[in-house]
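One structure below.
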Amino acid sequence: MQRLSRKWFTPSALAAGLLAAAQGVQAAPEYSVQRTAPLCAAAQNPANYNTKYLSFFTTLVQGQGDWMFRTQYDLRTDFGTTAYGWNQLKRLHDALKARGVELMVVYQPTRGLVNREKLTPEEKAHFNYELARKNYLAAVDQFRKAGIWVTDLSPLFDEKGVATDYYFKADHHWTPAGADRTAKLVAETLKQIPGFDDIPKQEYQSKVVGLLPKAGTLHKTAAQFCGTGYATQYVDRYETEAAGSGGGDSLFGDESNPKVALVGTSNSGPAYNFAGFLQQYSGAEVLNLAVSGGGFDSALMQYMSSKEFHENPPKVLIWEFATHYDMAQASFYRQAVPMVNNGCEGRPTVLKNKVKLKPGTNEVLVNSDGSHLRGRDYQVDLRLSDPSVHELKTTVWYLNGRRENFKLEQSDRIDTGGRYAFELRNEADWADLNMLSLEIHSPEPMPQDLSVEVSLCARPGKGGGNLTAKAE
């Protein structure tokens, strides 16, 4: 347990507080924390991290002072993905490149790589920093081999003696100072990308606008297990604006046409000002489309399904995510790659139908004359009349009697517009199977009068005939 007490302000602290108040900036309250014991036994037991949310914190260990780490994510030594994952990332890169979009990844280093000096001597001895560093750099090299632009963030590792920490003491987000240091390095890579010199530039300025309070997620989880109280951490909060804008809306006004787009996690949200710092160091306007709580793919999928992306694609697409996300999710690439090319929009369709869904199973497409529709050659594009549906189960049947159940699912934090696309299955023992039909299972709960428009078309570079769909 630990005791939490408010400190009396010294005369110098009082003067600083009065000065901050006079400048319109909130002064951070000061606290003194005296730790009397390590984390309780419940927090140290991996079996207790038994929900989806709690599993994100497996397993908490106490660092120095109020610092905490997660052994599974913060102290990991494995990075990158499988051979399949690297192949699929390259496929996504190639699809974007064909549309004139350069893909750039911001691959966040872990709290262990950056702030291992905040570990206790015992935990520091258990953490294989050299292996983690080696594997992180190997992953950076693999991104580059896939043709993806990526910044080597290892200069930020093992920070010592800095005035402002890269990460919060007990939260999985970086601080604005960490976002600043990352953006400075990322901007140097951004400037190397072909075509970046042609993007309009202007001067941007970042300034402190107050304080950002952070009741750390690791502290909250420890409190849930142990009933311990922790002080809120306060850091400077920043905003960025174009020089001479006077704080107006010119940055994202109607005439704005950014050629750099940022899709990412909550780390790219306004609280940490990562997009603002990118603008400051690169001089290019950044369209920030980050989604808080959306995970690895939500922001990217929302953007690629939008009218903005297809009518006005960026020259550079920056994709920010943490190292713990699984980059080998087959279902993600089967949806993302066709969406790069806007699904079946503007392409000849070989099957097409519009159906008002009824409860249960709905047959929406039928290969009525047995034409050869090999899985490797075709993709499905569907549009729901109600965009509030974020999960939809489908079944694809093949002429040999095999079937695949495929779930379309996107975070409820994004607006899909009711639009989904996916490729038919393409593994070796599925690629040559001939599609028979597509079924859609009604969502629960099902919105009133829900209908769906469904199209089947050839993937880019593949052939296809002209068929007419039938439905029950």
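Which one of these does SER451 not meet: (1) of a type in the set (S, T, N, Q); (2) closer than 24 Å to ALA336 by Cβ; (3) in contact (Cβ under 8 Å) with a residue 40 or more places away in the chain?
Going through (1) of a type in the set (S, T, N, Q); (2) closer than 24 Å to ALA336 by Cβ; (3) in contact (Cβ under 8 Å) with a residue 40 or more places away in the chain one by one, SER451 breaks only (2).
Under the condition of being touching an Asp or Glu at 6+ places or on another chain (Cβ under 6 Å) and open to solvent by less than 10 Å² (accessible area, probe 1.4 Å), which residue from segment 307-343 is farthest from ASP198 (Cα to Cα)? Break it down into steps so the answer makes sense when it comes.
Kept after step one, since they are touching an Asp or Glu at 6+ places or on another chain (Cβ under 6 Å), are these residues of segment 307-343: 316, 332, 334, 338, 343.
Keeping just the survivors that are open to solvent by less than 10 Å² (accessible area, probe 1.4 Å) gives 316, 332, 338, 343.
Numbers: VAL316: 12, PHE332: 32, PRO338: 28, GLY343: 30 Å.
Going through the qualifying residues, I end up with PHE332.
State yes or no: is THR189 closer than 23 Å to LYS315 by Cα and under 19 Å from the mean Cα position of the chain (by Cα)?
Values: closer than 23 Å to LYS315 by Cα: yes; under 19 Å from the mean Cα position of the chain (by Cα): no.
Spelling it out, it is not the case that THR189 is closer than 23 Å to LYS315 by Cα and under 19 Å from the mean Cα position of the chain (by Cα).
Does segment 417-431 hold any residues that are in a loop (DSSP other than H, G, I, E, B) and either out of contact with any Ser or Thr (no Cβ under 7 Å at 6 or more places or on another chain) or open to solvent by 10 Å² or more (accessible area, probe 1.4 Å) (or both), and which are they? Step through it out loud before you land on a result.
Residues of segment 417-431 that are in a loop (DSSP other than H, G, I, E, B), as a first pass: 417-418, 424-431.
Residues satisfying the conditions are GLY417, LEU424, ARG425, ASN426, GLU427, ALA428, ASP429, TRP430, ALA431.
GLU404 versus (1) modelled with pLDDT of 95 or more; (2) under 23 Å from PRO359 (Cβ atoms); (3) open to solvent by 20 Å² or more (accessible area, probe 1.4 Å): which is the lone unmet condition?
GLU404 satisfies all of (1) modelled with pLDDT of 95 or more; (2) under 23 Å from PRO359 (Cβ atoms); (3) open to solvent by 20 Å² or more (accessible area, probe 1.4 Å) except (3).
Please tell me if VAL396 is over 18 Å from GLU409 (Cβ atoms) and assigned to a strand (DSSP E or B). Outline the logic, then answer.
On the way: over 18 Å from GLU409 (Cβ atoms): no; assigned to a strand (DSSP E or B): yes.
Considered against the rule, which asks whether it is over 18 Å from GLU409 (Cβ atoms) and assigned to a strand (DSSP E or B), VAL396 comes out as no.
Inside segment 45-59, can you point out the residues that are under 13 Å from LEU218 (Cβ atoms) and part of a helix (DSSP H, G or I)? Walk me through how you get there before you give the answer.
In the first step, residues of segment 45-59 are kept if they are under 13 Å from LEU218 (Cβ atoms); the result is 49, 53-54, 56-59.
Within segment 45-59, TYR53, LEU54 meet the criteria.
To keep it simple, each residue is scored yes or no on (1) assigned to a helix (DSSP H, G or I); (2) surrounded by fewer than 19 Cβ atoms within 10 Å (Cβ to Cβ).
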{"position": "LYS207", "(1), (2)": "no, yes"}
{"position": "LYS220", "(1), (2)": "yes, yes"}
{"position": "ALA231", "(1), (2)": "no, no"}
{"position": "ASP236", "(1), (2)": "no, yes"}
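Can you name every residue in segment 356-369 that is open to solvent by less than 20 Å² (accessible area, probe 1.4 Å) and either touching a His at 6+ places or on another chain (Cβ under 8 Å) or closer than 14 Å to LEU382 by Cβ (or both)? I'd like the intermediate steps shown before the answer.
Of the residues in segment 356-369, the ones open to solvent by less than 20 Å² (accessible area, probe 1.4 Å) are 357, 362, 364-365, 367.
Within segment 356-369, LEU357, ASN362, VAL364, LEU365 meet the criteria.
For LEU392, all conditions in the list (1) of a type outside the set (S, T, N, Q); (2) within 18 Å of PRO348 (Cβ to Cβ); (3) surrounded by 13 or more Cβ atoms within 10 Å (Cβ to Cβ) hold save one; what is the number of the exception?
(2)
Of the conditions (1) closer than 28 Å to ALA336 by Cα; (2) part of a loop (DSSP other than H, G, I, E, B), ARG91 satisfies every one except a single condition; which number is it?
For ARG91, the failing item is (2).
Can you tell me how many residues within segment 103-128 are open to solvent by 20 Å² or more (accessible area, probe 1.4 Å) and either touching a Gly at 6+ places or on another chain (Cβ under 8 Å) or hydroxyl-bearing (Ser, Thr, Tyr) (or both)? Walk me through it before giving the result.
To start, the set of residues in segment 103-128 that are open to solvent by 20 Å² or more (accessible area, probe 1.4 Å) comprises 116-118, 120-126, 128.
Retained after the next criterion (residues that are either touching a Gly at 6+ places or on another chain (Cβ under 8 Å) or hydroxyl-bearing (Ser, Thr, Tyr) (or both)): 118, 120, 123.
Total meeting the criteria: 3.
The values are calculated or read from the model by the stated rules, or taken from the named source; none is laboratory data. Just so it is clear, the structure is predicted and the values come from calculations on it, not from any experiment. Using ideal geometry, Cβ is built from the backbone for each residue, glycine included, and neighbour counts are taken over all protein chains shown. Heavy atoms of the whole protein, side chains included, go into the accessibility calculation; ligands, DNA and RNA do not. Shrake-Rupley method; radii C 1.70, N 1.55, O 1.52, S 1.80 Å.
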